[in-house]
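To start, the structure under review is shown below, and the notes come after it.
Taken together, the values in this text are just the output of simple stated rules run on the coordinates, not laboratory data. Note that the structure is a prediction, hence the values are computed from the model and not measured. With ideal geometry, Cβ positions are generated from the backbone for all residues, glycine too; neighbour counts draw on all protein chains shown.
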Amino acid sequence: MKHSSKDSVSAKPLGLLRTLALAGCVFSVTLGSAQATGLDEVKQRGYMTVATEDDYAPFNYIVDGKPEGFHKELLEDLKAYAKEQGFDVRQEILPWTGLLAAVSSGQYDAAFTGALVTDDRLRVFDFAPPFASAQHFFAKRKGDDRITDQVASLCGKTVGVQAGSALLARLPELKKMMQEADCTNGEVVEYQSYPEAYADLANGRLDYVINALISVNDLIKTRGDTFEKGFAVSGYGFGAWPVSKRSPEILEFFTGFMNQIRDSGRLAELQTKWFGEAFPELPTEPIKSVEQFHELAGIE
């Protein structure tokens, strides 16, 4: 995966615009009177629509002009599962900045990508049973001995995180860890995308970057000459597919699909191939509320 090196000065305002745009769309849909989408409607039109992205390895990305990744392979299984129920699955690739808003507004039936479960998203979406762990870890520059395996070594240092992301929303967990170590966090810099954050980490503008476990593992796999993996800075987290709360039958469809690929061993096979490990202890039920999510993730 190719990483860009845009100037980080532009990262904050762009990230703010992304956050405001998504929040505005979610707010308007929540208050609106959009109708629920059911399987009967999907079968009548003959297809289900799923939104994906193409720049989020190892979930969805492009190699030599061709799609690759965990979801690229799993999409074929999803199409076969839908075919058994009498309809097709149509995929459309969108930039992440508008993907969840497009699903929440009813343009697509679900987001088939590496979305993380968060409190804010659970107010608009239900999530199918998780397909991956998304506990938060950090990456640092290779050989930076200032940062050790102790929380205190992160105190006062500059951290990069994606604006509007689940990682940003759960940063208070790291702040609490620092308070218990009698220190405080440093500056938090928000970015429109992680490639920009990694570029600034490499050139010394940041001291560390927080991302989900799988994304950090993929970064070290592809750029281990530049970066090192740090320790966990949050409780448990989950990657799962968001479905509008107005579409319980669509959620039931994706839950059935997850049950099938889990029971057949296909899910563990793809997890091992793309994430480096399987996650047999993931929740097997949909996540529908903030309270349920906090209990599963161990968030106080």
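Quick look at the numbers
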| read-out | value |
| --- | --- |
| Placed amide H near Gly156: partners under 5 Å, 5+ positions off or other chain | Thr184, Asn185, Gly186 |
| Cβ-placed point charges (K, R +1; D, E -1), dipole of the stretch 136-232 about Cα centre in debye, nearest 20 | 120 |
| Charged-residue dipole, Cβ positions (Lys, Arg, Asp, Glu), the chain about Cα centre, Debye nearest 20 | 540 |
| Under Karplus coefficients 6.51, -1.76 and 1.60, residue-wise ³J(HN,Hα) of the stretch 248-254 in Hz, glycine/proline x | x, 6, 5, 4, 5, 4, 5 |
| Estimated distance in nm for a label pair at Lys229 and Cys183, the labels positioned 7 Å out from Cα along Cα-to-Cβ | 2.3 |
| Fewest-first ranking of Trp274, Trp96, using other Cβ atoms within 10 Å as the exposure measure | Trp274, Trp96 |
| Under 5 Å, built H, 5+ apart or other chain: amide partners of Phe238 | Val117, Ala134 |
| In the stretch 155-228, the GluC sites (Glu not before Pro) that fall in loop regions by DSSP, at most 16 other Cβ within 10 Å | Glu187 |
| Residue-wise HN-Hα coupling along the stretch 201-211, computed from phi with Karplus coefficients 6.51, -1.76, 1.60 (Hz; x: Gly, Pro) | 5, 5, 8, x, 6, 10, 9, 7, 10, 9, 8 |
| Order of Asp182, Asp120 - criterion: other Cβ atoms within 10 Å of each residue's Cβ, fewest first | Asp182, Asp120 |
| The chain, relative contact order [Cα under 8 Å, separation at least 6], % | 28 |
| Segment Glu84-Glu291, length gained on full extension (0.36 nm per residue, minus Cα span) | 71.0 nm |
| DSSP-defined antiparallel bridges as percent of all bridges, the stretch 136-232, nearest 5 | 60 |
| For Ser193, Ser105, order by how many other beta-carbon atoms lie within 10 Å, fewest first | Ser105, Ser193 |
| Derived scalar couplings ³J(HN,Hα) [the stretch 154-166; Karplus, 6.51 cos²θ - 1.76 cosθ + 1.60; whole Hz; x for Gly, Pro] | 8, 4, x, 9, 8, 10, x, 8, 6, 4, x, 8, 4 |
